[in-house]
1. Out of curiosity, is A:LEU771 out of contact with any strand residue (DSSP E or B) (no Cβ under 9 Å at 6 or more places or on another chain), away from RNA strand B (no atom under 11 Å from the Cβ), without any contact (Cβ under 8 Å) to a residue 24 or more places away in the chain and closer than 30 Å to A:LEU32 by Cβ?
2. Taking into account only those residues within region A:865-888 that are part of a loop (DSSP other than H, G, I, E, B) and closer than 24 Å to A:TRP815 by Cβ, which is nearest to RNA strand B (Cβ to nearest atom)?
3. Being within 17 Å of A:LYS596 (Cβ to Cβ), more than 8 Å from RNA strand B (Cβ to nearest atom) and crowded, with 20+ Cβ neighbours inside 10 Å is the filter here, so list the residues in region A:456-472 that pass it.
4. Kindly check whether there is at least one residue in region A:443-451 that is in a loop (DSSP other than H, G, I, E, B), within 35 Å of the chain's Cα centre (by Cα) and closer than 30 Å to A:VAL488 by Cα.
5. Only one of these conditions is not met by A:PRO104: (1) modelled with pLDDT under 95; (2) not in a helix (DSSP H, G or I). Which number is it?
6. Looking at region A:322-342, which of its residues are more than 16 Å from RNA strand B (Cβ to nearest atom) and more than 13 Å from A:SER356 (Cβ to Cβ)?
7. Inspect all residues belonging to region A:481-492 and state whether any of them is in a loop (DSSP other than H, G, I, E, B), over 20 Å from A:VAL598 (Cα atoms) and either within 13 Å of RNA strand B (Cβ to nearest atom) or touching a Pro at 6+ places or on another chain (Cβ under 9 Å) (or both).
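The values are calculated or read from the model by the stated rules, or taken from the named source; none is laboratory data. Model, not experiment: these values are computed from the prediction. No Cβ is skipped: glycine too gets one built from the backbone with ideal geometry, and neighbour counts run over all protein chains shown.
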Amino acid sequence: MTDTPDYRSTVFLPATPFPMRGDLPKREPDLLARWNRIGLWDRTRAAMAGRPAFVLHDGPIYSNGHLHIGHALNRILKDVVMRAHRMAGENVDYIPGWDTHGLPIEWKVEEEYRKSGRDKDAVPVLDFRDECRRYSAHWLAVQTEEFQRLGVIGGWAGRYATMDFGSEAAIAGEICKFLLNGALYRGLRPVMWSPVEKTALAEAEIEYHDRTSDTVFARFPVLGTGPLAGASAVIWTTTVWTLPGNRALAYGPEIDYALVHVDSVAEGSLARPGERLLIALALVPQVCAAAGIATHHVAHVYKGTELAGLVCAHPLRGQGYDHDAPLLAADYVTTDQGTGLVHTAPAHGEEDFLLSRAHGIEVPEAVGPDGTYADWVPLFAGLHVFKAAAPVAAALEAAGGLLARGTLLHSYPHSWRSKAPVIYRATPQWFIRMDGPEAIRAKALEEIARVAFVPEAGRTRLASMVAGRPDWCISRQRAWGVPIPVFVERRTGEPLRDPAVVSRITDAFEQEGADAWYSSPPSRFLGNNRDPDAYEQVMDIVDVWFESGSTHAFALEARGGPWPADLYLEGSDQHRGWFQTSLLEAVGTRGRAPFKAVLTHGFVLDENGRKMSKSLGNVTAPQEVTDKLGADILRLWVVNSDVSEDLRIGPEILKQQAELYRRLRNTLRWLLGSLDGFKENERVPEAAMPELERWVLHRLAELDRRVRGALASHDWTGVYPEIHAFCSSDLSAFYFDVRKDALYCDPADSPRRRAARTVLDHLHRCLTAWLAPVLCFTAEEAWLARFPSEDGSVHLQQFPPIPAGWHDAALGARWAKIREARGAVTAALEAARLEKLIGASLQATVTLPQADAKLLDADGWAEVAIVSGAGFGDALAVHRAPGGKCARCWRVLTEVGQQPGHPALCVRCAGAVGPLACDQAAAE
RNA sequence: GGGCUGAUAGCUCAGCGGGCUUCAGAGCACACGCUUGAUAAGCGUGAGGUCGGCGGUUCGAAUCCUCCUCGGCCCA
């Protein structure tokens with residue numbers, strides 16, 4: 001017996017310090033610190049100077065609370081897209097943005113006031129605004145930290161915020177563009193109003209409680225000469241006090257209406273035998289019961305559409321209520337309750353207002369701030385609306401208009417603060433006109449046709465919203481925001497349109513912030529030639545959606561960057577929000593859209609497709625993911641999802657992403673290990689490479705095309721899954737597995753080994769670059785493991801240029817066939833393994849069908865199938881390989897045992913080891 | 001109730017100008033085996049789906065149409 005020498009030390013095994021385990025939660029913060037230390041962002045910007053620009057304009061996020069998973073999705077996706085464009089050689093700045101004004105922040109500050117026992121109304125407005133500003137600044141800083149932890153890189157120091165003085169000045173300036181071009185007007189609009197606090201309330205300040213309201217059924221006599229003339233349209237209302245404000249009736253075009261002939265009535269009924277009433281057919285029984293109509297017959301049934309054009313009189317006609325009440329079609333009318341005909345008071349309901357406005361009906365300002373009827377209101381002037389039900393009903397009854405009375409216990413809005421019931425009340429508000437001479441709606445629709453939408457469905461969604469929306473109400477009766485910096489001339493009621501005043505205002509805001517509006521006397525803005533007493537200073541603030549709709553002006557245009565942006569990228573809810581307001585703002589002021597393309601993503605749901613909520617306990621917080629698994633896992637989740645749809649996340653899905661990550665990491669690790677000691681002079685030109693290597697280069701060329709395609713289309717879906725499949729199927733399970741023999745056992749300078757190492761070098765460069773936008777931490781680690789440097793970074797690299805010649809479709813097709821045939825071989829090997837004929841595949845030789853000889857020669861097949869020998873015959877067969885096992889490369893060959901000096905080796909290994917043995921001997 | 005959108009193996013996704021290369025694919029997870037020179041790794045094989053449901057168009061549908069169920073965004 002001879003001792004077989006241990007040849008392990010003569011094999012070129014992978015060696016790398018790149019660890020198998022990511023330890024991301026620990027390692028990522030170190031990399032962030034390193035990037036800060038080496039000034040990565042600034043160096044990135046400097047390196048890009050002068051290149052063609054790609055502009056992704058960041059939508060502002062609300063500075064209120066910690067980031068949730070939706071924020072993480074949005075800004076990781078943006079980060080990936082921008083990093084990819086950077087690595088494609090484009091000049092990509094990132095200016096993160098914040099939405100810092102608005103009601104929710106006012107609320108938080110008020111809440112803090114309450115906790116400390118202070119009364120918000122006693123606090124001067126400037127102090128209150130200052131508190132709000134500090135609150136926003138706090139969360140802006142917290143969120144900045146959290147974004148950075150997610151790996152989002154950008155100009156954090158140069159971020160924009162709507163509360164910056166420059167932003168406030170710019171927003172005021174944008175409002176004034178609408179003022180000067182005539183699209184801004186003041187009109188009446190119903191808002192939720194608390195008569196107790198004498199203030200408008202937002203939806204969030206409303207709470208619902210049960211309340212008993214008086215109800216009435218009322219007759220509206222049909223005018224004219226048609227078949228319905230003399231009949232009464234019957235309405236039902238739970239807000240009797242709004243009847244003086246009636247200006248129309250609404251019907252449902254799809255609803256059937258009955259002309260009911262009253263035959264007899266119960267005792268005490270206000271109905272009259274012989275009269276004719278118009279009611280929705282489905283509600284006839286209920287109305288008859290309520291009105292005490294004992295017997296009746298339906299004289300005729302009308303389709304809703306047949307009611308078009310009818311006009312009724314107000315029941316109090318002749319007592320100051322002489323206006324007509326036309327019947328108008330409305331799709332919100334139902335036959336759930338009431339009469340199927342809806343009393344419409346444009347000052348006292350959102351739907352009423354929109355319907356009336358669409359038909360050019362004026363909005364009466366019938367109720368004052370304290371909840372009493374205005375002086376001009378006939379019969380009821382000065383009466384409080386909550387005490388009006390009885391007098392109004394009495395007046396109706398006296399006029400013959402009352403059909404029935406009742407009460408109803410229902411859920412009714414109350415003020416969150418005073419707990420008192422609220423009303424809808426018409427108040428003066430500021431609007432931007434959609435269909436005036438400025439033709440904002442028409443131009444916006446033209447722009448929508450021009451812009452690129454990814455996915456395409458966004459186009460119709462945005463277009464239908466723009467087509468159907470009313471004029472834009474931009475005023476709010478609030479404190480934390482940008483004032484609508486307008487003076488109204490008391491004499492005419494007209495807003496002052498003076499460019500000199502506008503520029504005094506914006507100059508002051510630029511220097512002092514919008515606080516100047518509150519702290520300065522009006523004369524400062526009006527100038528010396530105008531009498532301050534002749535003007536009313538508007539103290540409303542602008543809707544925060546107008547502010548965010550203006551970000552393109554101050555965060556893009558004013559900073560000197562290209563305008564419009566190449567891309568807006570937000571969640572699909574922004575069709576109604578930011579996409580739309582930005583479009584309308586830009587079209588109204590500049591005549592065109594502020595973006596060339598719009599990319600939308602879906603919403604993040606839990607693993608069962610349900611919305612996340614604290615009460616369900618299914619919330620995934622980004623901070624938890626980074627702490628437990630690492631930001632790279634979360635980033636991988638983003639690109640492995642189809643972001644055009646809603647996406648899901650939860651423990652199982654994250655576990656899967658962690659598994660996918662490990663495969664990627666191990667691919668990089670093996671590459672690094674196998675490239676150990678790689679020298680430039682090892683390189684082999686492509687033409688001199690084996691086909692297998694050229695096939696890998698072809699696959700790289702295909703993936704490069706995929707990446708470039710995504711850059712152009714903005715559609716990244718599927719790109720990273722494909723890169724993963726490449727690492728897993730093409731590399732790990734095939735190319736690496738096949739080439740281990742040559743890499744480990746060939747002599748260092750063998751052409752085959754050198755070609756493989758040349759390809760591994762390309763693979764390393766391509767994969768680290770392609771993965772860098774997503775796995776920004778891991779790719780950096782894999783880059784530095786290969787190219788250690790004090791201040792180097794993969795993020796300063798570009799996607800490697802791929803020579804056109806690498807792409808070889810014919811080669812790709814050929815190797816697809818080879819791998820198909822290989823699949824048959826591995827299946828046969830598995831069968832042989834099951835029969836205990838072989839264990840490792842190198843214990844086998846195979847016979848391949850003669851047809852496969854056209855694809856590769858016998859040595860080629862042995863190599864690709866990782867067996868010790870191959871030949872051709874009638875059919876696929878597996879045999880136990882004859883000969884001995886080479887102690888170095890483990891192939892089983894008959895030549896083993898015949899090599900002088902190396903009885904345990906094959907020819908190739910004896911040659912590879914020979915000189916080494918001499919060296920060892922010499923050393924000893 | 002309306003506009004837009006979705007429902008394919010346990011999970012993430014392909015396939016959706018109908019049949020022909022896929023009426024069912026891939027990766028991951030899972031089971032079993034191999035390897036022990038990527039080793040808290042690697043390779044192979046296998047088992048998973050009546051393509052949300054009912055119906056229709058067609059010689060033929062996951063792929064087209066109606067309706068229904070469940071989900072999402074935005075409104076009402």
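1. For A:LEU771, the condition - out of contact with any strand residue (DSSP E or B) (no Cβ under 9 Å at 6 or more places or on another chain), away from RNA strand B (no atom under 11 Å from the Cβ), without any contact (Cβ under 8 Å) to a residue 24 or more places away in the chain and closer than 30 Å to A:LEU32 by Cβ - is not met.
2. Looking at the filtered set, the residue picked out is A:ILE866.
3. Residue satisfying the conditions is A:LEU462 alone.
4. Checked against the condition, which is being in a loop (DSSP other than H, G, I, E, B), within 35 Å of the chain's Cα centre (by Cα) and closer than 30 Å to A:VAL488 by Cα, region A:443-451 yields no hits at all.
5. So the condition that A:PRO104 fails would be (2).
6. Residues satisfying the conditions are A:ASP322, A:THR339, A:LEU341.
7. yes
For (1) part of a helix (DSSP H, G or I); (2) more than 14 Å from RNA strand B (Cβ to nearest atom); (3) touching a helix residue (DSSP H, G or I) at 6+ places or on another chain (Cβ under 8 Å); (4) of a type in the set (Asp, Glu), each residue gets a yes or a no:
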residue: A:ARG694; (1), (2), (3), (4): yes, yes, yes, no
residue: A:HIS698; (1), (2), (3), (4): yes, yes, yes, no
residue: A:LEU703; (1), (2), (3), (4): yes, yes, yes, no
residue: A:VAL707; (1), (2), (3), (4): yes, yes, yes, no
residue: A:ALA712; (1), (2), (3), (4): yes, yes, no, no
residue: A:TYR720; (1), (2), (3), (4): yes, no, yes, no
residue: A:ILE723; (1), (2), (3), (4): yes, no, yes, no
residue: A:PHE726; (1), (2), (3), (4): yes, no, yes, no
residue: A:SER732; (1), (2), (3), (4): yes, no, yes, no
